[in-house]
Structures are given as C-alpha cells and as structure tokens.
Amino acid sequence: MPERTVERITVPVIRIQGDSIETSGHTSKGNQLKWYQDGWWYKADAFGYESLAETLVTRLLKETDWTDYVRYEPVTVDWNGRLYRSCRSQNFLRQGEELLPLEKLYRSVTGFSLAEQLSHMHEVDQRVAHAVEFVENLTGIEGFGAYLSGMLEMDMFFLNEDRHTNNIVLIYRQADRSYRLCPYFDMGLSLYADTREEYPLDMDVETCRKRVRAKPFSQDFDEQMDAAGRLYGWSLHFPMGRSRLWHLLEDMQAAYEPDPGAPWYSPREWKRMRAAVMDQALSYPHLFDSQF
C-alpha cells in the first residue's frame, strides 16, 4: 500500500482587539469566550476540546453531500496577552439579519417556554411534530421537518449534548419580517469534549456513552432521532468504510502544525476523540458504506 501524504495545515495565532469581545452564548453549561473580528467568529475552549470537536465535525461532514453547515477551523486566539485554544468560522449572516433561537421565538408568540411545553407532552413524536408545525405555520419555511431531522441525526452520531431549545436557531430579517433556515453550527459539546466536568480523559468511552444525554425532545439520542426520521426522513450518510474513517482521523491529527509557543491538544485528547468517533461508527454502521 502506498504511503499516504498528509497536507500540512498551519494553525494561525490571531490577535483579538479588546473591544471585540463577545461573551454571550447559548451553551447550556454557561458562557464561553467569544469574539467577532473582521468577518470571523472566534470561540475559545471552556470545558475541554470543543474546538477540536467542531473541527472534526466539519471534516467529516465534508465527506457527505451536505453543504449547509458552518465550517470551523482551529486557531490560537491571543487576547490581552493570553493564548487560548480556539476555533473560528466565517460570519454567514447577510446584512440586516440576526439569529433567532426557537425558544425566544416561541416565547414571543405564545408567552410560554417551548422547553416546558415539550416536557408536558408524553410522546417524542408529538414533541418533534409540535416544534415543526409551530415553525412552519409561523414562518412559512418549508422543509423545517427535514432540516430538524438532519440536525438530530448529526447530534446522534456526534453525541452533541447541547441541543437545547435556545440552540435550534432560525435566521430572521426585521426589514421584511422574513425567516430562513440557519446552517448547522455549534457542535462543540460533542464527542465527550467536556473533559473538565463530565467526561474526564481517564474515563473510558463505554462509561462516557452511558452518561451522555440528548436534548431537547428526549434524553435518548436514538429515541428522538427515530421519531424525527419516521416523520420527516433520514439523510445523513458517510460514503466511506471503517478503514477510510480511521485513516482520515489519523491524517487530521498529523496535518495540523500549531505555533511552537501555543497551547495544543494532547495525544490523550486526540485518542479520546478518535475512540468516540470509531465507537459511534460501530454503533451506526448503516450511516457508512457496506465495505466497513
């Protein structure tokens, strides 16, 4: 077998100006440092290897036929003389647009919390359908059900534990009161990335899998994905087998060249993330080609 060549990728150090800081966010675990500068959004790791998880999700989705997702890349942020492991993504909003979380939209129209309303419904199918019907009836967006189903497929495979109702987002334009679907984004709390609190690096993947919980329609990833899939279909597929997936993960680790003085991810963190992905691939072989 010929030796694989890996294209080297330099991880840049980006100096952020002090007045660019933006600390608000929608993670259920609290705020993380975020900045906006020169058309890019930056966010720093707060719990573990979130930026690495964002980068991996981007890399694997690149292998699919999906296109409507945000591309993340790792960077080192230099803010006030301190270096942070971070990632960045380009601003995808057009002029006059803003992000509108589903929770905020639901409260503004009904006066009630969507999360609380969903908790009163006994069937997961009913919860998913309620959210979809609300969005489609209010906004006129067609295909929100398929969009949401794709989101839950992605969350299921990547074990995103942060999909609360403030983290399902539409794009709103006040000038003409129009709405559109938002590219898939914000997958940092995936693949057991929270090594600070929930999934320390000495915890094995099997134990991590037993601890992780889904949101917002069920605490079980499979249960909420099955409900959405029955209603609106499935779409996620990786056109590769296990060997290709393993080599892709190895090559990704070998490719990045961080600044010698910058913080970077340890071999244990890379090993944990690879183990999480391969474990998911074994759990969901139908998402991959049969040559596994």
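The values are calculated or read from the model by the stated rules, or taken from the named source; none is laboratory data. Small disclaimer: the values here were computed from a predicted structure and weren't measured. Cβ placement follows ideal geometry from the backbone for every residue including glycine, while neighbour counts extend to all protein chains displayed. Side chains included, ligands, DNA and RNA excluded: accessible areas come from the protein's heavy atoms. Shrake-Rupley method; radii C 1.70, N 1.55, O 1.52, S 1.80 Å.
Hey, which of these cross-link pairs are over 26 Å Cα-Cα: K104/K215; K104/K210; K43/K271? Pairs exceeding the cut-off: K104/K210.
Quarter the surface of the alpha carbon convex hull of the chain and you get the mean projected area, 16.5 square nanometres. The label point for E116 and the one for K271, both projected 7 Å from the Cα toward the Cβ, are 4.7 nm apart. Computed from the alpha carbon positions, the gyration tensor of region 220-292 leads to an equivalent ellipsoid with semi-axes of 30, 16, 11 Å, biggest first.
For R244 and R107 in one chain, what is 0.36 nm times their gap in residues minus the Cα-Cα distance, to one decimal in nm? Intermediate results must be reported in sequence, preceding the final value.
Values: separation 137, 0.36 × 137 = 49.32 nm, distance 4.54 nm.
Taking R244 through R107 to full extension adds about 44.8 nm, to one decimal.
How high is the relative contact order of the chain, given as a whole-number percent (alpha carbon pairs under 8 Å, six or more residues apart)?
Numbers: 456 pairs, mean separation 67.6, N = 292.
After rounding, I find 23 percent.
When shorter helices are ignored and each DSSP H run of at least 4 residues is given -39500 (n - 2.57), the per-residue value for the chain at 222 nm works out to -11500 deg cm²/dmol.
Over the chain, what percent of the accessible surface lies on carbon and sulfur atoms, probe 1.4 Å? Show your work: numbers first, answer last.
Details: 6660 of 14200 Å².
The C+S portion of the solvent-accessible surface of the chain is 47 percent.
Here the simple spin-label model places points 7 Å from the Cα toward Cβ, and for R180 and R230 these points are separated by 3.5 nm.
Taking every DSSP beta bridge that has both residues in the chain, what percent is antiparallel when rounded to the nearest 5? Write out the running numbers ahead of the final one.
Details: 27 of 35 bridges.
Beta bridges within the chain, antiparallel portion: roughly 75 percent.
Would you mind getting me the FRET efficiency between D251 and R209? Use the beta-carbon distance for r and R0 = 25 Å, nearest 0.05. Efficiency computed from Cβ-Cβ geometry: 0.50. Straight-line cross-link reach from K62 at under 13 Å between alpha-carbon atoms covers these aspartates and glutamates, not counting any fewer than eight positions away in the same chain: E54, E73. In this rough spin-label picture, where each label sits 7 Å from Cα along the Cβ direction, the W264-E142 distance is 4.9 nm.
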